[in-house]
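Trainee: Below is the structure I would like to discuss, written out as structure tokens.
Rule-based calculations on the coordinates, nothing more; no lab input. Treat the numbers as computed from the prediction; the structure is a model and nothing was measured. Here the Cβ positions follow ideal geometry from the backbone for every residue, glycine too, while neighbour counts run over all protein chains shown.
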Amino acid sequence: MDGQDSVSAGSDDAALFDALPGVRTRLEASIATRIVGQKAVVEAMLIALFSGGHCLFVGVPGLAKTLLVNTTAQSLGLDAGRIQFTPDLMPTDITGSDVLDEDRSTGERRLRFIPGPVFTNLLLADEINRTPPKTQAALLEAMAEGRVTTGGKVYDLPKPFQVFATQNPIEQEGTYTLPEAQLDRFMFSIDVGYPSEAEEIEIVERTTAGASTDVGAVVDGAQLLAMQAMVRRAVIPSPDLVRAAVRLVRASRPGPDAPAVASQYLRWGAGPRASQYLILGTKARAALYGREVPNLADLKAVAPLVLGHRVVLNFQAEAAGLRAPEIVRQLVEAAL
């Protein structure tokens, strides 16, 4: 079955596919009313958004990461929540807790669950590495399962539900390294860099003029869910592209058959979830630009976003001053 047949298999899917590039353009325009530059960051975020994946934004303070998430939520007509992670944050501060209610007329007492801030569509987890592992684990279940368990009961989270977390890479005092299991739940890790000089001038002019910009909804939650399902169901990559994605992920695992860069500089490589996210990301990227069949360029574009936080560098890499993006670049060259 070729790409044309797959997208045309259902009239609803075909309509959603045809509408998606226009939605992307309108979302980019809506976000640009508040966010200056950061085109690569916005593109990566939209790919994850229409894939249904969670994102980790890594960058120094003041780069509008929080504003980007809030603006995106408003552009999508979604409920947005924010949790400022701190060392004293408890799991129940995220998930919610049971409280004891008493009926004054009968004296009967019963437990009532009060939902926490995780019960939203788009959750901003600000400085996620500032809270202890026990609290991080509470968010992990929500990210992995789309639900919360408390008091022996299971509560489903609203749909869509996606976590956009931030992490400050330069200030490490009082932080707790995210465990690999939780890092693996993030589809993408997105580096947010400094703006150019021209962009920074525009930022200063915009933010010191006292003007405010309203953002209207481009699509709603039901349309977002439908488009996410369409990307998974109707955009079909070629068998060669799937094999290329798996080959790239397997190349990141040190061993006798691995490229020299993996054997020399990596302790651990990426697991099978990376292969899944690579293909899902290529499907979403192709669909966002109106292409029915994902290609190798799509795969190469999403590879750093998927693999950067999944490869574990060894001492030699650290001694040589190498970082994950450079090693991933070499892996892509070797495997693809």
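Trainee: Can you work out the Karplus-derived ³J(HN,Hα) for every residue in the stretch 21-36? Use 6.51 cos²θ - 1.76 cosθ + 1.60 with θ = phi - 60°, whole Hz, and x for glycine or proline.
Mentor: The phi angles translate into x, x, 4, 4, 4, 5, 5, 4, 5, 5, 5, 5, 5, 10, 10, 8 Hz.
Trainee: Take residue 92, project a point 7 Å from its Cα along the Cβ direction, then tell me which residues of the stretch 122-150 have their backbone nitrogen under 11 Å from it.
Mentor: From the stretch 122-150, the list is empty.
Trainee: Right, something else. Using the Karplus equation 6.51 cos²θ - 1.76 cosθ + 1.60 (θ = phi - 60°), what ³J(HN,Hα) coupling, rounded to whole Hz, does each residue of the stretch 239-247 give in order, writing x for Gly and Pro?
Mentor: Here the 3J(HN,Hα) series is x, 5, 5, 4, 4, 5, 5, 5, 4 Hz.
Trainee: While we're looking at this one, here's another question. Which listed residue (160, 177, 47) has the Cα farthest towards the positive end of the charge dipole for the stretch 38-203, taking +1 on Lys and Arg C-beta and -1 on Asp and Glu C-beta about the Cα centre?
Mentor: Going by the charge dipole, the pick is 160.
Trainee: Output the pairs from 65/134; 134/300; 65/153 with a Cα-Cα distance over 27 Å in this structure; if there are none, say none.
Mentor: Over 27 Å apart, Cα to Cα: 134/300; 65/153.
Trainee: Give me the distance between the Cα centres of the stretch 67-110 and the stretch 305-328, rounded to whole Å.
Mentor: One Cα centre to the other: 37 Å.
Trainee: Looking at the calculated P(r) for the chain, what percent of the C-alpha pair distances fall above 40 Å?
Mentor: 15 percent
Trainee: Computed from the mean reciprocal separation of all distinct C-alpha pairs, what Kirkwood hydrodynamic radius does the stretch 101-193 have, in Å?
Mentor: Kirkwood hydrodynamic radius for the stretch 101-193: 15.3 Å.
Trainee: In addition: What distance in nm separates the two pseudo spin-label positions at residue 200 and residue 79, each 7 Å out from Cα along the beta-carbon direction?
Mentor: 4.0 nm
Trainee: Further, regarding this structure: At R0 = 41 Å, how high is the FRET efficiency between residue 147 and residue 315 if r is their beta carbon distance? Nearest 0.05 is fine.
Mentor: The calculated FRET efficiency here is 0.55.
Trainee: Of the chain, which part is the longest with no GluC sites (Glu not before Pro) in a loop (DSSP not H, G, I, E, B) and with at most 16 other C-beta atoms within 10 angstrom?
Mentor: 174-336
Trainee: What does the stretch 206-255 give for Rg and for Dmax, in Å, if only its C-alpha atoms count?
Mentor: Here Rg and the maximum Cα pair distance are 20.8, 58 Å.
Trainee: Here is a further query. Given contacts defined as C-alpha pairs under 8 Å and at least six residues apart, what's the relative contact order of the stretch 147-292, whole-number percent?
Mentor: 18 percent
Trainee: Let me ask another. Along the Cα-to-Cβ line of residue 276, 7 Å from the Cα, sits a label point; which residues in the stretch 27-54 have backbone N less than 13 Å from it?
Mentor: Under cut-off, by backbone N: 52-54.
Trainee: For the stretch 179-336, rounded, prolate or oblate, judged on the Cα gyration tensor with a ≥ b ≥ c (square roots of eigenvalues), a/c < 1.5 rounded, else prolate if a/b > b/c?
Mentor: Oblate.
Trainee: Additional query: Remind me, relative contact order of the chain in percent, using alpha carbon pairs under 8 angstrom and six or more residues apart?
Mentor: 23 percent
Trainee: Quote the convex hull volume per residue of the stretch 38-203, based on C-alpha atoms, as a whole number of Å³.
Mentor: It is 138 Å³ per residue.
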